[in-house]
Amino acid sequence: MSIDSIRCVIGASLGSDSDRGSSSVGSEMIANRPFSSAPYWALIAIALGGLLADQISKIRAFAPVETEAIPHEIIAGWVTGVLAINDGAMGNLGGGYLATPTVCAVEGLFSLAAAVFCIHRYNKRLRWSAAILLGVVAAGVLGNAVDRLALGYVRDFLTTPLLPLWIFNLADIFILFGTVLLLGSWFLHKLIVNFVPNEFQGRSVAPRPTEA
């Protein structure tokens, strides 16, 4: 996950309910809503659950076998199981250098720390959709970070005809689809807030007091 994508993901998760394009009255009403920690706990649970699923899938894929491991179809015509190790970034970029796995792991963890800090610092209200999708992204980042810090490389074991040159793992899927869906959710939310009248959004905006 690059630094540019960090900004996008943070913006998507923070944009939530206090959008800059909405009216000041609406923002004041949203700011007065009671704080709920439930979305944050959901984010943590999804991140840890996804991390566990990623590590289990890698352990099973790389478990010792009596016969020589050969490619095998997992989903006929779509996903094939192979074994590969990646000591670089996504697509093995920067591979072959001792420091690359550590740098990639630290960058990913810094991304998550920056997101959590910004959420806390600006006291934004995290939407459920953003919490769920950010949890998925976090699961992917944590999954690959654990591999890089513990093993010095990432265990990849999946490939698809759609991307024949890319061997990936469950964590990569979490990062890719979680980020795309998160940004899509953020963009859709912006459209609704800026172009759909308040009455159709379920908001009841009180009239501003008139000046004497």
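The values are calculated or read from the model by the stated rules, or taken from the named source; none is laboratory data. This structure is a prediction, so every number in the text was calculated from the model and none was measured. Every residue, glycine as well, gets a Cβ built from its backbone with ideal geometry; the counts of neighbours run over all protein chains shown.
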Problem set entry | Count of residues meeting criterion [at pLDDT 90 or above and either out of contact with any strand residue (DSSP E or B) (no Cβ under 6 Å at 6 or more places or on another chain) or part of a helix (DSSP H, G or I) (or both)] in the range 156-178 | 9
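Considering only the range 69-104, state which residues are in a loop (DSSP other than H, G, I, E, B), over 21 Å from the mean Cα position of the chain (by Cα) and either at pLDDT below 80 or basic (Lys, Arg) (or both).
The first filter runs over the range 69-104 and keeps only residues in a loop (DSSP other than H, G, I, E, B), leaving 69-71, 76-78, 87-89, 93-99.
Within this subset, residues satisfying the condition of being over 21 Å from the mean Cα position of the chain (by Cα) are 69-71, 76-78, 87, 94-99.
Of everything in the range 69-104, those that are in a loop (DSSP other than H, G, I, E, B), over 21 Å from the mean Cα position of the chain (by Cα) and either at pLDDT below 80 or basic (Lys, Arg) (or both) turn out to be 69, 70, 71, 76, 77, 78, 94, 95, 96, 97, 98, 99.
Going by the structure shown, is residue 188 more than 25 Å from residue 113 (Cβ to Cβ), within 19 Å of the chain's Cα centre (by Cα) and free of Cβ contacts under 8 Å to residues at least 24 places away in the same chain?
yes
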For this session: Please enumerate the residues belonging to the range 134-167 that are crowded, with 18+ Cβ neighbours inside 10 Å, in contact with a Ser or Thr (Cβ under 9 Å, 6 or more places away or on another chain) and without any contact (Cβ under 8 Å) to a residue 60 or more places away in the chain.
Result: 148
Problem set entry | Residue check for residue 183: more than 22 Å from residue 48 (Cβ to Cβ), modelled with pLDDT of 80 or more and not charged (D, E, K, R) | yes
